[in-house]
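For reference, the structure discussed in these notes is given below.
The values are calculated or read from the model by the stated rules, or taken from the named source; none is laboratory data. Worth saying up front: this structure is predicted, and the values here are computed from it rather than measured. These area figures cover heavy atoms from the full protein model, side chains too; ligands, DNA and RNA do not enter into them. Shrake-Rupley method; radii C 1.70, N 1.55, O 1.52, S 1.80 Å.
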Amino acid sequence: DQRIRDLEGWRGRTLARSCMLLLILLLAQFALAAEAWATNWVVNVIDNEDPIPLGGTVTYTVTIENDDLATNSSPPTTLSLSIPGTFTFTGTEAGSPITGCTPQPGTGPVTVICTVPPIPGGPSSKISLKVLVKTSETGSFDVSAAVPVGLGVNPSAFQRTTVTDGTDLTLDVT
């Protein structure tokens, strides 16, 4: 009788401990998810020259900002650049913490993927990348940049660029 009561008590304590451990693990998972969700990225794209003459190279400045006021550092992730069918991605300017952009060069339409390091949260926590794109047709075209959905309220942006015929010059020497 005593053995059975001891065994039942042991089982009850083991079940209670297992439930407590499960509860602790679930709470830890929610805390980690809340920490990751606190990252608030804002993506911006600006073309440095607009309009641009046909055959010219546009420099786009892509900025990613971690607007998290709680100073939560963001996880490493990727940046996707969508290059339209009439443009060629020729590369990036050196010195950016955003690296590994491939394919390079890439003839549009193409999605170029770059590696983004962790960005600390807080005021003025941002990194940027200068993207070089060569034009090959006149008109208005959109180049866009995005980080994975769930990393902020503004995880993507685009910039419309106008490509013109340029100037036709003739020179008469007399």
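Quick notes on this one:
- Linear extension gain, Thr90 paired with Asp142, 0.36 nm per residue minus alpha-carbon span: 17.1 nm
- Think of a 1.4 Å ball rolled over the protein heavy atoms: the range 49-174 then has 52 Å² of accessible area per residue.
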